[in-house]
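S.K.: Here it is: the structure, laid out below.
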Amino acid sequence: QVQLEESGGGSVQPGGSLRLSCAASGIIFGLYNMAWYRQAPGKQRELVARITNGGSTTYADSVKGRFTISRDNAKYTVSLQMNSLKPDDTAVYYCNADWGYLNYWGQGTQVTVSS
């Protein structure tokens, strides 16, 4: 059974930082491309950052220079370091794993940026 379990969400003031983690099980982690998506109320789910199985990274323009995605293939985890957070970053953040036609989602973790 595939599981992607997110952690690290919470509430933070603008300018603050959070680190999200996603622990994967039930997959051969090193084969999968891993990503973080987010969905704000009333908006579509959007890609935030992605790291391929080879380690290449891509970011949404809105988070470039502020967020960093990384993976630990030995620990089956992918992380998202989020700095200089803004109110517009408020959303539910989802972990995603894809390999070919296989695609899995976590349950999501809430991030709220507010003063």
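S.K.: Which of Y101, Y59, Y37 moves the most in a Gaussian network model of the chain with Cα springs under 10 Å?
M.R.: Evaluated over the chain, the most mobile residue of the options is Y101.
S.K.: Which whole-number percentage describes the relative contact order of the chain, with Cα contacts under 8 Å and a sequence gap of 6 or more? All intermediate terms of the calculation are to be shown ahead of the outcome.
M.R.: Numbers: 275 pairs, mean separation 41.3, N = 115.
Taking the mean separation of contacting Cα pairs over the length of the chain, I get 36 percent.
S.K.: May I pose another question? Within the stretch 51-112, what whole-number % of the accessible surface is contributed by carbon and sulfur, with the 1.4 Å probe and all protein chains included in the calculation?
M.R.: Working: 1580 of 3270 Å².
On the stretch 51-112, the fraction of accessible area on carbon and sulfur atoms equals 49 percent.
S.K.: Continuing with the same structure: In a Gaussian network model over the chain where Cα atoms closer than 10 Å are linked, find which of I51, I28, I69 has the largest mean-square fluctuation.
M.R.: I28
S.K.: Using Cα pairs under 8 angstrom and six or more residues apart, how large is the relative contact order of the stretch 53-92, in percent? Please list the in-between numbers first.
M.R.: Values: 24 pairs, mean separation 12.1, N = 40.
In percent, rounded to a whole number, it is 30.
S.K.: Could you state the accessible area per residue of the chain in Å², with a 1.4 Å probe and every protein chain left in place?
M.R.: 53
S.K.: Enumerate the lysines that K86 could reach by cross-link, defined here as Cα to Cα under 29 Å, with residues fewer than 8 away along the same chain left out.
M.R.: Output for K86: K43, K64.
S.K.: Hey, another quick one. For the stretch 37-48, what does the Karplus curve 6.51 cos²θ - 1.76 cosθ + 1.60, with θ = phi - 60°, yield as ³J(HN,Hα) per residue in whole Hz, taken in order and with x for Gly and Pro?
M.R.: 10, 9, 9, 8, x, x, 10, 6, 5, 10, 6, 9
S.K.: List the trypsin sites (Lys or Arg not before Pro) within the stretch 16-109 that DSSP assigns to loop and that have no more than 13 neighbouring Cβ atoms inside 10 Å.
M.R.: Numbers: sites: R19, R38, K43, R45, R50, K64, R66, R71, K75; in loops: K43, R45, K64, R66, K75.
Sparse-neighbourhood loop trypsin sites (Lys or Arg not before Pro): K43, K64, K75.
The values are calculated or read from the model by the stated rules, or taken from the named source; none is laboratory data. Every value quoted in this text rests on a predicted model; they were computed, and no experiment measured them. In this analysis, Cβ positions are derived from the backbone assuming ideal geometry, glycine residues included, and neighbour counts consider all displayed protein chains. The area values use the complete protein model at the heavy-atom level, side chains included, leaving out ligands, DNA and RNA. Shrake-Rupley method; radii C 1.70, N 1.55, O 1.52, S 1.80 Å.
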